[in-house]
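**Q** What follows is a structure written as structure tokens; I'll ask about it next.
The values are calculated or read from the model by the stated rules, or taken from the named source; none is laboratory data. None of the values given here were measured: they were computed from a predicted structure. Heads up, the Cβs are rebuilt from the backbone with ideal geometry, glycines too, and the neighbour counts pull from every protein chain shown. Remember, those area values only see protein heavy atoms, side chains included, never the ligands or the DNA or RNA. Shrake-Rupley method; radii C 1.70, N 1.55, O 1.52, S 1.80 Å.
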Amino acid sequence: MQSAWLSALAFLVVSTLLGLGVLGAAKALRVRARKDSRIKHLTYECGEQPDGLAWMQFHARYYVVALFFVLFDVEAVFLFPWAVVLRELGAQAFIAAVSFVVVLMLGWFYVLRKEALQWQ
Amino acid sequence: MAMSEDPPKGKRLPLYDESALPYEHPLYKTLLSVPGLSVAVAPLDMILQWGMTNALWIFPMATSCCGIELMAAAASRVDLDRMGTIVRATPRQADVMVVAGTITVKMAPRVKRLWDQMPEPKWCIAMGSCAISGDFYRDLYSVIPGIDTVLPVDVYIPGCPPNPEGLMHGLMRLQEKVKLAREGGLPTREENPALLDLTRPSVMRFKDPARDPSVTLAQEEAALHATAQDSSDERPVDGPAVTFAPAEARAPDVDGEFEAILAGEFGVTELPKDAPPIVEAARHVELARRLRAAGYRQLVLVAATHYPEKTGAKAQAERFEVTYGLRTIGARSRVALWRVCLAPGESVDTLVGVYAGADWQEREQFDLLGVTFAGHPDLRRLMLSGDWQGHPLRKDYPADKACAPWR
Amino acid sequence: MSALGHGALYGAVLIAVMLSTVAVGIWFERKFAGRMQSRLGPTIVGPMGLLQPLADVVKLLQKEDIIPAGADRALFNLAPVLATIFSLGVAAVLPLSPHMIAADLDIGVVYMLAVGGLMVVPTFMAGWASNNKFALLGGMRAVAQSISYGVPLVLAVLVPVILSGSLSLAGIVRWQSEHHWFALWPVIPGLPAFALYFMAMLAEANRIPFDIPEAESELVAGVTTEYTGAKFTLFYLAEYVHTLVGSAIGAALFFGGWDGPFAPGLHWMVAKTLALFVVVYWVRWTLLRLRSDQLMELCWKWLTPIGVALVLIAAAWVQFAPQGAL
Amino acid sequence: MGHINDTLRALWTTLRTAFRPTSTVQFPAVVRPRGERYRVSFALPDDENGEMACIGCLTCERICPSQVIKVKPGVKRESPVTGKKRAYTDDFVIDLSACIQCELCVQVCNNDAIVMVREAEQPMFEREDLVLGFARLRKNATDRTRSWGHGTMLQESQEPAKVEKKAPAVKAAPAVAAEPRQPAPRSPSRAAEPPEDGARARAREGARARRGGTDVSATLAFGVVAACALLSAVFVVRAVDLIRAVLWLGITLIATAALYAMLGASFLAGVQLLLYVGGVMTLMVFGVMITRRHEGIAPTATDTVRPVRGAVVAASLFGLVAAAIVNTDGLDDAPARALAPLTLADLGRSILVEHVLAFEALSLLLLAAIIGAVVIARRRDPGPLDEPTEASR
């Protein structure tokens, strides 16, 4: 088992090398401007003078979406071990999971009714 | 002497100077410094140039009708993608800026800034007469005489507008130019004073060796601060609050009411046939208030005319006539027009207290003519940029004189 | 050969193959898109324009590097590399043929979901580090979209897991080659689950019709707005690799991976992957992009409950289907 | 259903188009024929006697709205062809860089001495090269196709309509020449791959599985990963910038996942990545983005009370976890257990058989969390539903 993880690790290392390799090749190949200017490093804002910093406050619905993602993913994660043993354990596992999912879907109905995920 | 012969005789000017390239390849320098490796430079350069010129991504600076042809060039019939050209929306990923359309003085700092934000190597194509020379707007106060007074232009595509194939041809000429420049084979051009006279813009081109470097600096400064000085943005007006009278069912519809008011209450009996009556500057706000009460609820016009006095003892700078127009709102709309004459140095009282709509209209007159409105809450430039010198609609405005670094 | 060497060798070969596939894929996309729009696509650079992607890369590598003022330099430089790692890294669990797999993890499916889900990190990082409003907005939208569509993705992937009882991609493919392809039988959880997977995969990879994070008409170029040259190349690459690997996993999960008559397994796997890859382009150049709110509504109001229903149906199939039907 | 139907129809349309002939004209090789009235450049043609027709009357120079024409009239002299006295012009320049191709110069010319042509001038490297000199204008007259209009004809067409006179018919532009079809891209020929030797491959697999990772490398890897986790955790606390703190936390979480993987808890490692790095970290990033009205960098507070408070909490948490570890049974035979790790099936059985009540209770917990999230999200008016509200205004 560990050997497979080591293989995956080696795979990731090779992909890292590729990314760094491209950046390295570009470092060697790319041109350098003779004259640098402040305007060149201004943030792109369609030709306008950048107005303030880019970091701004976002709407709370982003947070709500992330929250629901975590909750639903937790649900899915619990379903993975269930999926593996479903055949083996039979009807009892099936009923347990169905009730698990149904209770969660109640929450989904509530979200829908309250329009908490309305994205306008 | 003939003004134009092909080829003309004269002093040979080098068009292209290797050392004048705005960028350098550090790799080449390294390779050339190592004794054995210098042979690799030529083939490497061939490959790099091949890549560089065969993937020209466009940044579209499309401001008017040429932009339509630019779009057509990317569509099925011509298909710029055939030569690997795609359009990128950000200058950071573009190689060629295609200036397609008239560039106004207000736009120029933005174009310059976007140009500066493109990474090297970069090129500029001026597409169509407006971008090349300003076309017949070139002597207008608000248009720059050709984009090459702001940036170095590599290829000029003639036409008004050029057709989509023209743009493709321009891109191919650009490839040709890069190749020729690499080989040192760019055609040199003969200087011909008569031709130069004909096409010389009122400002030096960017690439002109005789160009004053301070102009470029001033342009860069302007590009850096363009918005900071602009006054066209909206801001809350903190002038006198205007409350509208409740809407009447129908505007009073009495013929000759305006004339009656003028004659009865303001003593204006002289009614010229071809011009609005003249009202005393001191009493015209009072007149407006009276007319508003009489049902003229909309200010439709604040216009001004400049009459410079050229001769005589009163050779002052300006004399203005400001014309005001009101309208009733209703089924049978009626109009009231009057003039206010201003002596040199005099200002007229603002109507902002009576009509909120007078705010911007009076600002426009101030901006373009320099009429001052006493009591105006926010008398700034409205249309022109904040650093503009002078008032372009005055009769004595020097049309050919530089009034901003762009001209 | 040690496990590390095995992974590294497979990584090098597979990544080289994927990169050349992506290069040809970009060429193919431009030709195919051109054809769909009644134009030719690249014709001038190389025979039939085949060298166009190469010219693009040669050019992009030469472009000057600009880091905008006020940017977080470290994160700005790190983000494209991370995007490359995560998009390529998913390929480690791809079963190319019964014996060709870089890392035969017993939880391949979870690994695929997890590493693929990590793509939100470089996306947000790039958007935040650029100090650019378009980039930040694009980044936030991309992250919101990716995590939203993560839910239907997980649910869709659960269907083959339930049907085969295995979390290993190779195991799932093996089960399919012994029994039947899930996209074909059982039709009801299988085919809709594939459709769900395909849509969620498009959304995760930010392809049209789900490319609102980089909608050119409103957000310039999304998170890549400030990126020039090589770093932009990496993002570009990551996007295509993400799609390619997504197609390959779709082929493995629903179309039996290497299974097929007459030809060796590798050929079947490659053919199925490329077929799905082409469908991605086909969809991309046909449909319009959805609005932000439509996107979210589609995900949470429709795809999520459908996914839950499919999971339950699959479980019921495993429970109650007659033995012969399996 | 309507949407799906439309989508399928759209897909069918594009697919069909992809296999139809394209409408592209391959420009440098094939030049699209231009309509009769198409006009781009100028020429100074001859009159019927074979002399240059222009007499230097300056009408065109005066009418030009862009003022791009400069004419230098010559002296009157006897024509060498006809013998009659007539006027000549010495030079003629048109500046194409500002020309708008309005054709007024052609229209006002009584002698048909200036006409427009259909072939465009090529793009130039310098603005001065766009000036058409005398020689080029004369050359255009012989080399290029003339456009539809000329002065006398255009003037006549402005006259009040006469009964007999018919305006010259406009011929439609000739149809586009059939362009050569691009040959369709051929798929690379399939190379026959030798079938893999199954027995050998299986043997290799088996050998690989037996060897696994050695103890030394595992220890080394553990050291590296643990150092990563600890160091990044320190950086989380040290980071001034909240976003950077969250990103460092991401590294801590990834390192934890790696530790799980090394302990044989593959599923837990995957879940760690999926839920914590993908989900919880995003949640934190979004939390930072919506809560703080930060001017660029959101510095964490640097007073003296908080570090102490934090230290106390951390220490007690550490004590709790340490106590739990010490009290866990069977740590003595840990190496033996590590060799036989729990499989996912074991986990599933454990959840669904031993802890089924907890499993169901968990669904209630998640339900409560969802409802709580909705309540919190809706407690306050969400404000303008615009895209992000900018803090700086």
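**Q** Between C:L9 and D:T152, how many nm apart are label points set 7 Å from Cα along the C-beta direction?
**A** 8.9
**Q** So which residue, out of C:E218, C:E226, C:E204, gets the largest mean-square fluctuation from a GNM of chain C using Cα contacts under 10 Å as springs?
**A** C:E218
**Q** Here's something else I'd like to know. At B:M71 and D:T82, where each label point lies 7 Å from the Cα along Cα→Cβ, what is the point-to-point distance in nanometres?
**A** Those two pseudo-labels are separated by 5.1 nm.
**Q** Also, quick follow-up: I'd like the FRET efficiency for C:R291 and A:K114, computed as 1/(1 + (r/R0)^6) with the beta carbon distance as r and R0 of 30 Å, rounded to 0.05.
**A** The formula returns an efficiency of 0.85 here.
**Q** Got the relative contact order for region B:257-374 handy, in percent, Cα pairs under 8 Å and 6 or more residues apart?
**A** In percent, rounded to a whole number, it is 25.
**Q** Using r as the Cβ-Cβ distance of B:T323 and D:T13, and R0 as 45 Å, what FRET efficiency do you calculate, to the nearest 0.05?
**A** For B:T323 and D:T13, the calculated efficiency is 0.15.
**Q** Take chain C, connect every pair of alpha-carbon atoms lying under 10 Å apart with a spring to form a Gaussian network, then pick out the residue of C:T243, C:T273, C:T21 with the largest mean-square fluctuation.
**A** The residue that fluctuates most here is C:T21.
**Q** Normalised by the number of residues in region D:1-120, what is the relative contact order in percent for Cα pairs under 8 Å and 6+ residues apart?
**A** So the answer I get is 30 percent.
**Q** Further, regarding this structure: In what sequence, largest accessible area first, do B:Y28, B:Y296 appear using a 1.4 Å probe?
**A** These residues rank, largest area first, as B:Y28, B:Y296.
**Q** For the residue pair B:V34 and C:L191, what label-to-label distance in nm results when each label sits 7 Å from Cα along the Cα-to-beta-carbon direction?
**A** Each label point is offset 7 Å from its Cα along the Cβ direction, giving 6.1 nm.
**Q** For chain C, set up a Gaussian network in which alpha carbons nearer than 10 Å are linked by springs, and say which option among C:V270, C:V154, C:V187 fluctuates the most.
**A** Of C:V270, C:V154, C:V187, the most mobile in the Gaussian network model is C:V187.
**Q** Determine the order of D:E78, B:E176 by accessible area, beginning with the largest, at a probe radius of 1.4 Å.
**A** D:E78, B:E176
**Q** Name the residues of region B:24-43, by number, that are at least 30 Å² less accessible with every protein chain in place than in the isolated chain; the surface is that of heavy atoms, probe 1.4 Å, without ligands or nucleic acids.
**A** The answer is B:E24, B:H25, B:P26, B:L27 - residues whose exposure falls by at least 30 Å² when every protein chain is included.
**Q** Using r as the Cβ-Cβ distance of D:S350 and D:E119, and R0 as 60 Å, what FRET efficiency do you calculate, to the nearest 0.05?
**A** The formula returns an efficiency of 0.10 here.
**Q** Heavy atoms of the protein only, probe of 1.4 Å, neighbouring chains included. What is the accessible area of D:R37 in Å², nearest 10?
**A** For D:R37, solvent-accessible area is about 110 Å².
**Q** Counting only protein heavy atoms, what percent of the accessible surface of region D:215-327 is carbon or sulfur at a 1.4 Å probe?
**A** 76
**Q** Assuming 0.36 nm per residue, please report the length gained on full extension of the stretch B:A282 to B:S64 beyond their Cα-Cα distance.
**A** Gain on extension, B:A282 to B:S64, equals 73.9 nm.
**Q** Follow-up. Extension gain D:V216-D:L317, at 0.36 nm per residue separation less the Cα-Cα distance, in nm?
**A** 33.2 nm
**Q** Next question, about the same structure. Given a 1.4 Å probe and no ligands, DNA or RNA in the count, how much accessible surface is buried by B and D, both sides, to the nearest 100 Å²?
**A** Chain pair B/D: roughly 4000 Å² of buried accessible area.
**Q** Please list, in chain and number order, the residues 5+ apart from D:T145 or on another chain whose amide H is under 5 Å from its amide H, with Hs placed from the backbone.
**A** D:R118, D:E119
**Q** Could you list which residues have their amide H under 5 Å from that of D:V131, counting only those 5 or more apart in sequence or on another chain, with H placed in the peptide plane?
**A** D:L96
**Q** Chains D and A: buried accessible surface, both sides, probe 1.4 Å, rounded to 100 Å²?
**A** 5100
**Q** Rank these by accessible area, largest first, 1.4 Å probe: C:I313, B:I103.
**A** C:I313, B:I103
**Q** What list of ³J(HN,Hα) values in whole Hz, one per residue of region D:317-328 in order, does the Karplus curve 6.51 cos²θ - 1.76 cosθ + 1.60 (θ = phi - 60°) give from phi, with Gly and Pro shown as x?
**A** Result, ordered by residue: 5, 4, x, 4, 5, 4, 4, 4, 5, 4, 7, 6 Hz.
**Q** What percentage of the solvent-accessible surface of region C:190-326, computed with a 1.4 Å probe over protein heavy atoms, is contributed by carbon and sulfur atoms?
**A** Its accessible area is 70 percent carbon and sulfur atoms.
**Q** Ignoring ligands and nucleic acids, what accessible area does B:T102 show with a 1.4 Å probe (Å², nearest 10)?
**A** 30
**Q** Across the residues of C:304-316, average count of Cβ atoms on other protein chains within 10 Å?
**A** 4
**Q** Quick one: Karplus J couplings for region C:174-187, per residue in order, coefficients 6.51, -1.76, 1.60, θ = phi - 60°, nearest Hz, x for Gly and Pro?
**A** Values per residue, Gly and Pro as x: 4, 4, 5, 5, 7, 10, 7, 6, 5, 6, 9, 8, x, 4 Hz.
**Q** Could you go through region A:87-98 in sequence order and give the Karplus-derived ³J(HN,Hα) for each residue, using 6.51 cos²θ - 1.76 cosθ + 1.60 with θ = phi - 60°, rounded to whole Hz, and x for Gly and Pro?
**A** Values per residue, Gly and Pro as x: 4, 6, 8, x, 4, 4, 5, 4, 5, 4, 5, 4 Hz.
**Q** Another question, then. Per residue, how much accessible area does chain C have with a 1.4 Å probe, in Å²?
**A** 27
**Q** At the nearest 100 Å², what buried accessible area, both sides summed, do you get for C and A when the probe is 1.4 Å?
**A** 6600
**Q** If I stretch the segment between C:E218 and C:V17 completely, what's the gain in nm (0.36 nm per residue apart, minus their alpha carbon distance), one decimal?
**A** Working it through step by step, the gained length comes to 68.8 nm.
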